[in-house]
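Notes to accompany the following structure.
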């Protein structure tokens, strides 16, 4: 015998409602909070945070006194401290069994983890950072990576992943630029949707963050206020969330820290309820960013107490307070009991949490605390197996961008060292694992607090990888650039070390004053150039930096965005020529450290002109990237030059590899709207595809264009497709247009919404 809410044959919402009807207020509220075992979050004066710091982050042996009413979430059981994966898998199972035993419905917690660069656990595979995903222009590969990441998390008992980040880069001085996918909403949307699909395919709940507009902060400062209009919000910030929810199937959204024109995101009922749920039809859970509910009181000052903060967040639509209970605990309980907060709001949030637990099988009669890694596995849990490293390597290789190259004969790339030639490698980052890793990679996020332990995975440095790549050369690491004199080539490795809140040059809370390379690295490059030896600059960064100072002076420039544990080999492979570079810039590289940044999506008055003495034109534009082969772009055409406002056509291009080696071209389709009702970007990406061709091979690239892709917002909640003349631009980058195809939209103006066509499907047909 079992109760209806335990029956897996019933709909999840029905089961959740049945269980909810049996719960006391205390039991309902317990489902809206989390515990963070082993963290520094403990009981403080005036707080209602239960201290749950057991050995290596596990629960104490008898949590019944602390968890008599159950528990909604369990925060980062693997990601809080370095723990052996096999041992942690066992202790998590034991914790879940105790959590279930401590409440009368035997409901376990929903365990969540970070997974922005892979499962954020000790000894787990470290993938390239999201900015590198964007540089790959390969949503299918990112989807494959997410599926492997999700499977590894699910196997050890994790249910929810706090990824991906859908913020669109607006000012790369922002420390979290490395977490974004790029400066274009279409690129961010398509890549992120691939990640969401992969994660959700394994049963892991994908959590979209940070909803919404977090990257638009004033002065690129973390948590800073955001002042953007409804059109910029709709056409830039919200587009990736729309696609990831509608086409990706994400089941959770995270509220953001910032305020939007004075309204904190965590208490914005228009954003979290009217738009997200009523207009978009979202039925999953909204979780707070860590401590964001408390910040309504402590930083935003829109609440005078934890109870007021809880009331505001709950009313707006935040279902779960993360990472630990402070406001949704006894302060909210007392407010409901006093009639200050309607219990119906608690019921609404609890129903959503229980529905998600039912979907995950956590309410089933046969639920077991034993995760697959323990019930099916033999031997130790391996979080860094070959198949994950292989996909991490593939993303790293596809994401390396060749920005500039004078060629081998001029000392550029590919490197062709003479027998026993001396190659000088300069810079402290050349033999350091840190510049491979983003701030959400476990070694940079948590591991820095445990220097006594090894990193946990094998991370070859650029120096190590280059020595393996070029065994015939004498690759020497020199600390003084002057010592490079007399070498055949000098490779300067520069960039960032990620960290948190000022403990790095990139990462959350590590915002930059300008876009000058940090830590005196510009002078290092100058000193290397002064030797007269050809200099190849390798950048391992979390953001783009200004490179105009060396324009035309470097033999080659290679850009990698925190490429993960396999990044050293990817960079070395590009330098040697083993890998033909195919990465493209997901964000423009500025010419000057000031006068920038400005997204390529600027309208005419945001471009260079007589109205200002400042030229914001990037040195290397969005979408830019070079190859070691050449491609011929011919016969670009649209099947129809006139298209109704509710119709579409096919855009075609014949592409031929005219070089002597296999290579990949990234063909991009941009939209130019000469006359619109409001100012519009001069160029806007609406489609792209990677095309790999053998030497001499030809293929036809096809873009399925639909008029919905021209839609833009004219007012809050009003997006239109209007008739008129357009240009479709087939391009190698936003600054390198190869073919312009005039087009006219005819018929009546159409109002479109959440169900509009958002994606330009592509097809590559190879010549027989």
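The values are calculated or read from the model by the stated rules, or taken from the named source; none is laboratory data. None of the values given here were measured: they were computed from a predicted structure. Cβ: placed from backbone, ideal geometry, glycine included. Neighbour counts: every protein chain shown.
Name the residue, out of 679, 710, that is modelled with pLDDT of 95 or more, under 31 Å from the mean Cα position of the chain (by Cα) and under 22 Å from residue 188 (Cβ atoms). Going through 679, 710 in turn, just one is modelled with pLDDT of 95 or more, under 31 Å from the mean Cα position of the chain (by Cα) and under 22 Å from residue 188 (Cβ atoms): 710. Within the span defined as segment 173-182, every residue fails to be in contact with a strand residue (DSSP E or B) (Cβ under 7 Å, 6 or more places away or on another chain), outside any loop (DSSP other than H, G, I, E, B) and either assigned by TED's automatic domain parsing to the domain that holds residue 753 or surrounded by fewer than 24 Cβ atoms within 10 Å (Cβ to Cβ) (or both).
Scanning segment 125-144 for residues that are over 21 Å from residue 252 (Cβ atoms) and assigned to a loop (DSSP other than H, G, I, E, B) yields 125, 126, 128, 129, 137, 138.
Give 534, 593, 604 a once-over and let me know the one that is more than 20 Å from the chain's Cα centre (by Cα) and within 20 Å of residue 218 (Cα to Cα).
Values: 534 fails: within 20 Å of residue 218 (Cα to Cα); 604 fails: within 20 Å of residue 218 (Cα to Cα).
That would be 593, the only listed residue that is more than 20 Å from the chain's Cα centre (by Cα) and within 20 Å of residue 218 (Cα to Cα).
Considering segment 376-403 alone, what residues qualify as being assigned to a loop (DSSP other than H, G, I, E, B) and either within 18 Å of the chain's Cα centre (by Cα) or farther than 27 Å from residue 89 by Cβ (or both)? It would help to see each step written out before you state the result.
So in segment 376-403, the residues assigned to a loop (DSSP other than H, G, I, E, B) come out as 376-385, 400.
Residue satisfying the conditions is 400 alone.
Scanning segment 611-641 for residues that are within 28 Å of residue 698 (Cα to Cα) and over 25 Å from the mean Cα position of the chain (by Cα) yields a total of 15. Residues that are buried (at least 22 other Cβ atoms within 10 Å of the Cβ) and under 26 Å from residue 190 (Cα atoms) do occur in segment 288-305, at least one of them.
Residues in segment 183-208 that are within 20 Å of residue 359 (Cβ to Cβ) and not in a helix (DSSP H, G or I): 201, 202, 203, 204, 205, 206, 207, 208. Taken over segment 282-316, the criterion of being touching a residue at least 60 places away in the same chain (Cβ under 8 Å) and part of a loop (DSSP other than H, G, I, E, B) is satisfied by 283, 284, 289, 299.
Looking at 351, 332, 345, 362, which is the one that is modelled with pLDDT of 95 or more and surrounded by 22 or more Cβ atoms within 10 Å (Cβ to Cβ)? Quick ask: steps written out before the conclusion?
Values: 351 fails: surrounded by 22 or more Cβ atoms within 10 Å (Cβ to Cβ); 345 fails: surrounded by 22 or more Cβ atoms within 10 Å (Cβ to Cβ); 362 fails: surrounded by 22 or more Cβ atoms within 10 Å (Cβ to Cβ).
Exactly one residue qualifies, and that residue is 332.
Scanning segment 594-608 for residues that are assigned to a loop (DSSP other than H, G, I, E, B) and at negative phi gives 594, 596, 597, 598, 599, 600, 601, 602, 603, 607, 608.
So which of 228, 236 ends up being in contact (Cβ under 8 Å) with a residue 12 or more places away in the chain, on the phi < 0 side of the Ramachandran plot and in a loop (DSSP other than H, G, I, E, B)?
Working: 236 fails: in a loop (DSSP other than H, G, I, E, B).
Selected residue: 228, the only one of 228, 236 that is in contact (Cβ under 8 Å) with a residue 12 or more places away in the chain, on the phi < 0 side of the Ramachandran plot and in a loop (DSSP other than H, G, I, E, B).
Is it the case that residue 656 is without any contact (Cβ under 8 Å) to a residue 60 or more places away in the chain, assigned to a strand (DSSP E or B) and closer than 30 Å to residue 397 by Cα? It is true that residue 656 is without any contact (Cβ under 8 Å) to a residue 60 or more places away in the chain, assigned to a strand (DSSP E or B) and closer than 30 Å to residue 397 by Cα. From the list 414, 331, 323, which one is assigned to a loop (DSSP other than H, G, I, E, B) and either within 30 Å of residue 575 (Cβ to Cβ) or more than 28 Å from the chain's Cα centre (by Cα) (or both)? Going through 414, 331, 323 in turn, the sole match is 414. The set of residues from segment 690-707 being in contact with a strand residue (DSSP E or B) (Cβ under 6 Å, 6 or more places away or on another chain) and more than 9 Å from residue 760 (Cβ to Cβ) comprises 690, 691, 692, 693, 695, 697, 698, 699, 700, 701, 702, 707. For segment 249-270, filtered to residues that are in a helix (DSSP H, G or I) and touching a strand residue (DSSP E or B) at 6+ places or on another chain (Cβ under 7 Å), the residue that is surrounded by the fewest Cβ atoms within 10 Å (Cβ to Cβ) is 265. If you go through segment 104-116 and keep only what is crowded, with 20+ Cβ neighbours inside 10 Å and touching a helix residue (DSSP H, G or I) at 6+ places or on another chain (Cβ under 9 Å), you end up with 107, 108, 109, 110, 111, 113, 114, 115, 116.
Considering (1) surrounded by fewer than 24 Cβ atoms within 10 Å (Cβ to Cβ); (2) under 12 Å from the mean Cα position of the chain (by Cα), the lone condition that residue 187 does not fulfil carries the number (1).
Which of the residues spanning segment 528-541 are buried (at least 18 other Cβ atoms within 10 Å of the Cβ) and in contact with a helix residue (DSSP H, G or I) (Cβ under 8 Å, 6 or more places away or on another chain)? Those that are buried (at least 18 other Cβ atoms within 10 Å of the Cβ) and in contact with a helix residue (DSSP H, G or I) (Cβ under 8 Å, 6 or more places away or on another chain): 528, 529, 531, 533, 534, 535, 536, 537, 538, 540, 541. Could you go through segment 23-35 and let me know if any residue there is at pLDDT 95 or above, surrounded by fewer than 17 Cβ atoms within 10 Å (Cβ to Cβ), assigned to a loop (DSSP other than H, G, I, E, B) and out of contact with any strand residue (DSSP E or B) (no Cβ under 6 Å at 6 or more places or on another chain). Yes.
Out of 745, 693, 671, 709, I need the residue that is under 30 Å from residue 274 (Cα atoms) and not assigned by TED's automatic domain parsing to the domain that holds residue 247. Which one?
Values: 745 fails: under 30 Å from residue 274 (Cα atoms); 693 fails: under 30 Å from residue 274 (Cα atoms); 671 fails: under 30 Å from residue 274 (Cα atoms).
After applying the criteria, what remains is 709.
Residue by residue, here is whether (1) in a loop (DSSP other than H, G, I, E, B); (2) at pLDDT 90 or above; (3) in contact with a strand residue (DSSP E or B) (Cβ under 6 Å, 6 or more places away or on another chain); (4) more than 23 Å from residue 665 (Cβ to Cβ) holds:
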{"position": "580", "(1), (2), (3), (4)": "yes, yes, yes, no"}
{"position": "584", "(1), (2), (3), (4)": "yes, yes, yes, no"}
{"position": "592", "(1), (2), (3), (4)": "yes, yes, no, yes"}
{"position": "617", "(1), (2), (3), (4)": "yes, yes, no, yes"}
{"position": "622", "(1), (2), (3), (4)": "yes, yes, no, no"}
{"position": "627", "(1), (2), (3), (4)": "yes, yes, yes, no"}
